[in-house]
Amino acid sequence: NPRPTRAEVSDVANAVIDHTDAVMLSGETANGKYPVEAVQMMTRIIEKTEPSPFDDLPEAFFQHDPSDTQHGIAHSAYELARDTKAKVIVAASFSGRTARLISRFRPHTPVLVLTDNPKTQQHLALVWGVESVLIPKVKNLDALVDHMVRLVKKMGLAEKGQKIVIVSGHPVREEEQMNAVKVHTL
């Protein structure tokens, strides 16, 4: 059909309300006579549902075990970006866990994740609000931060004088040791 059923609209809207990272067309919808229109309609439903209050997260959602450093750092990055009006959150993630933890908070700030793992970059394509970039391996934190800043400028995500939030681990390339958050002014 050229228009979705009420059940199909509800399924997409409820997926957004449930904070699903990605939605897809299923069987007969994907193979029907109106594949482009189906994607356009799905996009309209998502765009109308995300800003609604039904998509808001309850305050209890943000609570976490104080001994979970990784979760605390991700929450700090989210709050810093919100409070400082940073233009972008830039993170290094080699497994994708850092990106998923930050994305969990549904920041209004864009999230750019750098990784040197092609498989991780592919997986991050399905994580809500995350854009990932494949980078060469870097040896130390200074080189990583330099790479982040250059990339943010090149992609036009922030300009001189604007703030960005940087999330990384030190030492670099440790197994997902997210332990540093920094507000950096370009």
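The values are calculated or read from the model by the stated rules, or taken from the named source; none is laboratory data. Computed from a predicted model, the values in this text were never measured in an experiment. Ideal geometry is used to build each Cβ from the backbone, glycine not excepted, and the neighbour counts take in all protein chains shown. Remember, those area values only see protein heavy atoms, side chains included, never the ligands or the DNA or RNA. Shrake-Rupley method; radii C 1.70, N 1.55, O 1.52, S 1.80 Å.
Here are the numbers for this structure:
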read-out	value
Per-residue HN-Hα couplings for segment 117-122 [Karplus 6.51, -1.76, 1.60; θ = phi - 60°; Hz; x = Gly/Pro]	10, x, 5, 4, 4, 5
J(HN,Hα) series, segment 8-18, from Karplus relation 6.51 cos²θ - 1.76 cosθ + 1.60, nearest Hz, glycine and proline x	5, 5, 4, 4, 5, 4, 5, 5, 5, 4, 7
Separation of the residue 10 and residue 131 label points, Cα + 7 Å toward Cβ, nm	3.7 nm
0 to 90° range, to nearest 10: angle between helix 35-49 axis and the chain longest Cα axis	60 degrees
For the chain: accessible area per residue (Å², 1.4 Å)	60 Å²
Protein accessible area in the chain, 1.4 Å probe - carbon and sulfur %	52 percent
Cut-off of 10 Å, at most 11 other beta carbons, DSSP loop: longest stretch of the chain lacking such GluC sites (Glu not before Pro)	1-158
Pair residue 48, residue 36: separation of 7 Å Cα→Cβ label points (nm)	2.2 nm
Top of 119, 87, 163 by mean-square fluctuation, Gaussian network on the chain, Cα under 10 Å	119
0 to 90° range, to nearest 10: angle between helix 141-154 axis and the chain longest Cα axis	50 degrees
With Cα atoms, 0 to 90° folded angle of helix 69-84 axis to the chain main axis	80 degrees
84, 115, ranked by accessible area, largest first (probe 1.4 Å)	84, 115
Accessible area (Å², 1.4 Å probe, nearest 10) - residue 145	30 Å²
Convex hull volume per residue in cubic angstrom - Cα atoms of the chain	139 Å³
